[in-house]
Amino acid sequence: MAVSIIELVSRQVVSGVVRMVYAIIYSFLLGYGIEMGSELFGTIDQESVSAQGGAAACRDAIGSNTCRTIISKWFYFLTVPLFAVAYCIYLRARPARWPTMIFVAAAGFVTTYALACYTNAPSQVLQVVPAFVVGLLGNILSKTTGKMSLDAVILGIFYMVPGSLGLKAALGFFGQNGQGEFANQGAGFAL
């Protein structure tokens, strides 16, 4: 950052601005990495989170369970693949690629559902880990088949990023509860 300011003062505008933008983006990435690391560690080691006592951030992370439903869990065995087939038809995907697309999408959904319902994972972890699973499966598919795996991964991406993302972010931003949904939706959109 200091080098960029020196370059700006010495009228090296282009390189100074490039260095400054790089420093700002790098600091954001470092902050996000530190936050993700602490949230993942808190998810893995619950004792350390409970030992921190009554900190508001720890209480919010522990109570961020999003699994509130009246539908039976067994109903998802029907709806998840059915929605995946419907979306494959909507995307006009080749029927030979449907099983791969449905498998990757189901893996992303199962990861999200398991983290949301059976762990006390915070919302950042609920967004990052399924994206990692879908990306890892796509990378494995591209390495084994030698083809690009975007068509296999795109359905898993659609499962993770809902169509009403803009509406949820606007409601969280302008809502009265002040719980920070806007930041969480923005993090989900960035992924």
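The values are calculated or read from the model by the stated rules, or taken from the named source; none is laboratory data. Given the structure is predicted, the values throughout are model-derived calculations rather than measurements. Glycine also receives a Cβ, built like all others from the backbone with ideal geometry; neighbour counts cover every protein chain displayed.
Go over the candidates T111, T119, T100 one by one and state the one that is hydroxyl-bearing (S, T, Y) and within 16 Å of L150 (Cα to Cα).
So the residue among T111, T119, T100 that is hydroxyl-bearing (S, T, Y) and within 16 Å of L150 (Cα to Cα) is T100.
Got a number for residues in segment 32-47 being of a type in the set (V, I, T) and either surrounded by 16 or more Cβ atoms within 10 Å (Cβ to Cβ) or farther than 18 Å from L115 by Cα (or both)?
Residues in segment 32-47 being of a type in the set (V, I, T) and either surrounded by 16 or more Cβ atoms within 10 Å (Cβ to Cβ) or farther than 18 Å from L115 by Cα (or both): 2 in total.
Of the residues in segment 114-123, how many are crowded, with 19+ Cβ neighbours inside 10 Å and either out of contact with any helix residue (DSSP H, G or I) (no Cβ under 9 Å at 6 or more places or on another chain) or over 24 Å from E47 (Cβ atoms) (or both)?
So the answer is 0.
Can you tell me which of (1) surrounded by fewer than 17 Cβ atoms within 10 Å (Cβ to Cβ); (2) modelled with pLDDT under 80 is the one G172 doesn't meet?
Of everything listed in (1) surrounded by fewer than 17 Cβ atoms within 10 Å (Cβ to Cβ); (2) modelled with pLDDT under 80, G172 misses just condition (1).
Tell me, which helices (runs of 4 or more DSSP H) wholly within segment 6-96 include 3 or more residues that are closer than 18 Å to Y159 by Cα and modelled with pLDDT of 80 or more?
76-91
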